[in-house]
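The values are calculated or read from the model by the stated rules, or taken from the named source; none is laboratory data. Small disclaimer: the values here were computed from a predicted structure and weren't measured. Positions of Cβ are generated from backbone atoms using ideal geometry, with glycine treated the same way; all protein chains shown enter the neighbour counts. Heads up: the accessible areas ignore ligands, DNA and RNA and are worked out on the full protein's heavy atoms, side chains in. Shrake-Rupley method; radii C 1.70, N 1.55, O 1.52, S 1.80 Å.
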Amino acid sequence: MLYFAIKEAKKLSNDVTVVLYHQAALVQETMEAYFDDVNYVIQDHENYPGTGGAVMNIATKHDKVLVLNGDMPLVEASELEKFFTSDADIVMSVIKLEDSSGYGRVMIEHDNVIKIIEEKDASEKEKEIKTVNAGIYLFANGMLEAYLPKLSNENAQEEYYLTDVVELAKNDGYNIAPLYVQEENFKGVNSKYDLSHAEEIMQQRIKKNFMMEGVIFRMPQTTYIDADVVIEGESVIENGVTLLSGSKIIESHIKAHSVIEGSEIISSDVGPLARVRPGSKLMDTHIGNYVEVKKSTLKGVKAGHLSYLGDAEIDNGTNIGAGTITCNYDGKKKYKTKIGKNVFIGSDTQIVAPVTIEDDVLIAAGTTVNKDVKSGALAISRADMKTVDGFFDKFFKD
Amino acid sequence: MLYFAIKEAKKLSNDVTVVLYHQAALVQETMEAYFDDVNYVIQDHENYPGTGGAVMNIATKHDKVLVLNGDMPLVEASELEKFFTSDADIVMSVIKLEDSSGYGRVMIEHDNVIKIIEEKDASEKEKEIKTVNAGIYLFANGMLEAYLPKLSNENAQEEYYLTDVVELAKNDGYNIAPLYVQEENFKGVNSKYDLSHAEEIMQQRIKKNFMMEGVIFRMPQTTYIDADVVIEGESVIENGVTLLSGSKIIESHIKAHSVIEGSEIISSDVGPLARVRPGSKLMDTHIGNYVEVKKSTLKGVKAGHLSYLGDAEIDNGTNIGAGTITCNYDGKKKYKTKIGKNVFIGSDTQIVAPVTIEDDVLIAAGTTVNKDVKSGALAISRADMKTVDGFFDKFFKD
Amino acid sequence: MLYFAIKEAKKLSNDVTVVLYHQAALVQETMEAYFDDVNYVIQDHENYPGTGGAVMNIATKHDKVLVLNGDMPLVEASELEKFFTSDADIVMSVIKLEDSSGYGRVMIEHDNVIKIIEEKDASEKEKEIKTVNAGIYLFANGMLEAYLPKLSNENAQEEYYLTDVVELAKNDGYNIAPLYVQEENFKGVNSKYDLSHAEEIMQQRIKKNFMMEGVIFRMPQTTYIDADVVIEGESVIENGVTLLSGSKIIESHIKAHSVIEGSEIISSDVGPLARVRPGSKLMDTHIGNYVEVKKSTLKGVKAGHLSYLGDAEIDNGTNIGAGTITCNYDGKKKYKTKIGKNVFIGSDTQIVAPVTIEDDVLIAAGTTVNKDVKSGALAISRADMKTVDGFFDKFFKD
């Protein structure tokens, strides 16, 4: 959620500060993986709790400071820009609701905020106000510097509230402008149910953007695409596909129910029901059903069925038979497999890494490859097939 | 469908009687798997057809009897409770429709049911009535006992109708109260299309409940959860997951497109694209893609890829290589596999049951395990790999 | 998209002509796979561009000619029939829009089209017209023959416009009737995003039709069904199923996330997570998870887990063990596998085609079948399992 708030904020300003408190280190680490030029401060929650406390010790270098909430992932930069078109001393976001019960009401007269009233302090008449506080503020002209030091925590929760800045400024005659915003986008996420709704809207945006750029989706509402995924060129994303963080799909066709994470897929077709795990790079490659690729580089390869290719490098023209498994782990360490050009790997082959199969090699079906194979050779490990006549009747009729 | 009607009815009363007719034995058997204290009677359909006939021979021990329809799976107990807040002699559910054509109209005056008029008997003016019969009734104060014996089947269908009870009671001056209900929930299921709509609403309710309790769903609209499934703790259910009857998911992460039925998953991660079949129990276990588990107990196990584990017991610290298959069936009977602690099963191993692999065993890749393996041993069945130089050219250039 | 336009047009007339230009040969070839009695002409785009140019050289043998657009896949025959109920000289489709900006406005008076006004030529007053041209026309009584030769390309685009036919006819006093149509269905597809919306509506129609005929769908909104798929009898289609072109499902149960293409499935159950590729025919057969079938005929077969069956014919009573692979390709050619009745194929068997396994055969687990097997025999290729005591400690404790 925070990711999206930061992403939109950065479209407006190079000076974004994130105030953390709960699991601050974990959150900061996660965000630093995505953004490299964001400031982080940790709220002094013990001494300065509340929304006012959160911004208490932030040096504001700018004439206008926009305060966002981390739990509003759907707010877009285009909506935030509207805050800057007003020259009021404070601009606060408000929503008109059918049923405003439970929310802080905002009394507005002549397009000016007169008063913010908490639910519990509202008179019967004030409870009829349908306009509520949406929690995003633009503070201009030194308002934060002037009023943050004057905030008090003498209230039921013993917290410092940003709404008090608004009230104090109002009392001193400053101009507080309301900005009407869409409920849908400014809704806070307070439960896993809210979260799934926000995610749904976010997913629709992500996929719509790709479709407008020419990517073909089959039943987009059944696909899941992480926010940092890249899809380019004449790509097709079929129903049920899952593209997770760090994936880059270029001129490729990803078939039904495939799951791809942290991998680059170029001019390839993958699936249906395939899995590509992080650190893989596929070029001009065909990956079929029930094939798992992990941390491997495949160029011009065909792996059509039921295989596990892990920690492997496989080169042009090579065909991987059904049931091929790279035995990359011996219970202690992981090892690498290298397979050259134009290799034909027969079905049900186990490739015990570390091992190198050179170019132009043929591996017979069912072979356990536990030694390097030189270019041009056939490799085979196979017990002769024997038959026992009449065994069927003996076995089944006993 | 009937399951949901019974489930809601049981929230209101300990004395629930289900009237069966079509495939009565099969329906009763199915329902008995879910409910152990419900009464079943079979309608004497030959002599007493119709909705009146259905309740004809049920002894009513209570002052108030609620008659539901088995094809209204979306009616919730909270809505049924409203029937009991009235002290009318009969309470009947009615729906206001935009277009009431085709339905039995209910004439209401001063909040009292005056008359029920069948479509075919309605005058032009009566056809304009928008209020229709929703088919659920509460009979109080001996109404059923008094009027069921007076019902007649002298009508076009030669059936006994519950609506006639209402009419007879009305004529005798009893008080019939209408209860306005929501069309969506009181809609009968008359086609497979209606069924899919009812199922969709039911699925939304099921998943919303879990999310409100803290379960994280990724794209809940793509997941399917049977009504008796339990999900607890910090669990995550990804897109496309199918959780079927009898599943219990506790503090676990179920990844995309996995299918789980009748199994307990505790502190484990499963999938993507995994399958757990009935009778399985997984604890602290990792199950990866293309792994099928059936009737097996796994504690502290890793089975990451392309395996079939059936009728097996596998203990702590054991690693199952890709392509491992328990050969639990010999064409005649099914047998069990027992695997101890800290066993390393190499890739593409076939374990021919019945067999026991003790603790601290290493099985080489490609082995056919057809004898028990003692603790501490390596087991291997492998023909030496041979190479034939120059074979590639001979084979492909011929 | 064009497929649907042709399909609906053919319900109205045996004389359907498709005007092609972009990638004409490819489009014609694709359509000819579906329709065998449609005429194709290629627009002389160089000399006669535009919508008027498209129909310029088509000999109209009929009194009434309906002109459709290829990018309106949602228009249904039932809506097109309405054009024929008018006896106007030209009937043109119009849509009422909330916001008509950007569209050609249609001025209508007394249910008669007065004028078509392009956006750029519209006065302020004309811009307020909410009725716009939906682009489908019925030309009766020789209108096309009379006015196509009079069209001019003296306009900004240097194209010939069908709207000019309407204008010329109007000026000569002919009767032009507007036909109000639904925006949803007459919306052209101009982006991949529009395409996904059209597809969604089309998918809803396809599945609703099957459900009304008695097919059970679990979560139909998660399934994808190509337009030419046939589903018959008491079939069940579970969540996430993909049924692609040429599939015929008869009295069968297709389980979650299975993908079927170009195959016939009769009295069988398939999946979950199974894949049936083109050219397959399954009868009375059970296909389980991670099983791929390609170009194979299976009668009365069980293949429950992790298998690849390609180019195979398998007969009644045969059981295919987990991990069975038909090695149908040797790097040069594809070969066939024949398996008889009541064969028991042990797990992890590789069947090296071409090969024939006769009736009543037992194949031991892990066998590489590279010779034909006679009726009644056991076939086995297996190195003895050896054990090395104490190896585990030596390996892992070093």
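Worth a mention:
- Projected over all directions and averaged, the alpha-carbon convex hull of the range A:2-180 occupies 10.6 nm².
- The value of relative contact order for the range B:123-262, using C-alpha pairs under 8 Å at least six residues apart, is 12 percent.
- Per residue of peptide B:118-128, the mean number of Cβ atoms on other chains within 10 Å of the residue Cβ is 0.
- Fraction of alpha-carbon pairs over 14 Å apart in the range A:57-111 - percent: 68
- Charge tally in the Cβ shell below 11 Å around C:ARG205, where Lys, Arg are +1 and Asp, Glu are -1, C:ARG205 excluded: -1
- The residue list A:ILE380, A:LEU168, B:ALA54 was ranked by how far each Cα lies along the charge dipole of the protein assembly as shown toward its positive end, using unit charges on Cβ atoms, and A:ILE380 comes out on top.
- Ordered from highest to lowest accessible area with the whole protein assembly present and a 1.4 Å probe, A:THR51, B:THR285 read as A:THR51, B:THR285.
- Semi-axis lengths, Å, chain A, gyration tensor of Cα atoms, sqrt of 5 times eigenvalues: 61, 21, 20
- Rg and Dmax of the range A:192-379, based on Cα coordinates, read 17.9, 61 Å.
- Under 5 Å, built H, 5+ apart or other chain: amide partners of A:TYR40: A:VAL18
- Relative contact order, percent, chain B [alpha-carbon distance under 8 Å, six or more residues apart]: 7
- Other protein chain C-beta atoms within 10 Å of residue C-beta, averaged over A:291-303: 1.
- Residue mean of other protein chain beta carbons inside 10 Å, C:199-210: 2
- Cα centroid of the range B:112-129 to Cα centroid of the range C:224-249, whole Å: 44
- Taking the DSSP beta bridges with both ends in chain A, the antiparallel portion is around 20 percent.
- Gaussian network model of chain B, Cα within-10 Å springs - most flexible of B:VAL293, B:VAL166, B:VAL27: B:VAL27
- Basic side chains Lys and Arg get +1 at the Cβ, acidic Asp and Glu get -1 at the Cβ, and with that the dipole of the range B:137-258 about its Cα centre reaches some 460 debye.
- Inter-part distance where the range C:1-54 and the range B:277-354 are each reduced to a Cα centre, Å: 57
- Cβ-placed point charges (K, R +1; D, E -1), dipole of the range B:2-180 about Cα centre in debye, nearest 20: 300
- Farthest towards the positive end of the charge dipole of chain A, among the residues A:ILE325, A:HIS286, A:VAL276, is the Cα of A:ILE325, using unit charges on the Cβ of Lys, Arg, Asp and Glu.
- For the range B:96-255, with +1 on Lys and Arg beta carbons and -1 on Asp and Glu, the positive-most of B:SER196, B:PRO149, B:ASN209 along the dipole: B:ASN209
- Alpha-carbon radius of gyration plus Dmax, which is the widest Cα pair, for the protein assembly as shown in Å: 35.6, 104
- Summarising the strand pairing of the protein assembly as shown, around 20 percent of its internal DSSP beta bridges are antiparallel.
- In the assembled protein chains, C:GLU118 presents an accessible area of approximately 80 Å² (probe radius 1.4 Å).
- Pairwise burial B:A, computed as accessible area of each alone minus the pair, summed, 1.4 Å, Å²: 4000
- Taking every alpha-carbon pair within the range C:323-398, the share separated by more than 15 Å comes to 60 percent.
- The heavy atoms of C:LYS281 offer some 70 square angstrom of accessible surface to a 1.4 angstrom probe.
- Amide hydrogen neighbours beyond the local backbone of B:TYR224, cut-off 5 Å, H modeled: B:VAL241, B:THR242, B:LEU243
- Bridges between two residues of the range C:2-180, per DSSP, are antiparallel at a rate of about 65%.
- Quotient of the Cα radius of gyration of the range B:225-321 and 2.2 N^0.38 Å, N being its number of residues: 0.92.
- Taking Cα centre as origin and charging only the Cβ of basic (Lys, Arg, +1) and acidic (Asp, Glu, -1) residues, the dipole magnitude of chain C rounds to 2040 debye.
- Charge tally around B:SER268: other residues with Cβ under 9 Å, Lys/Arg +1 each, Asp/Glu -1 each, net -3.
- Surrounding net charge for A:ASN316, when Lys and Arg each add one and Asp and Glu each subtract one, Cβ distance under 13 Å: -2
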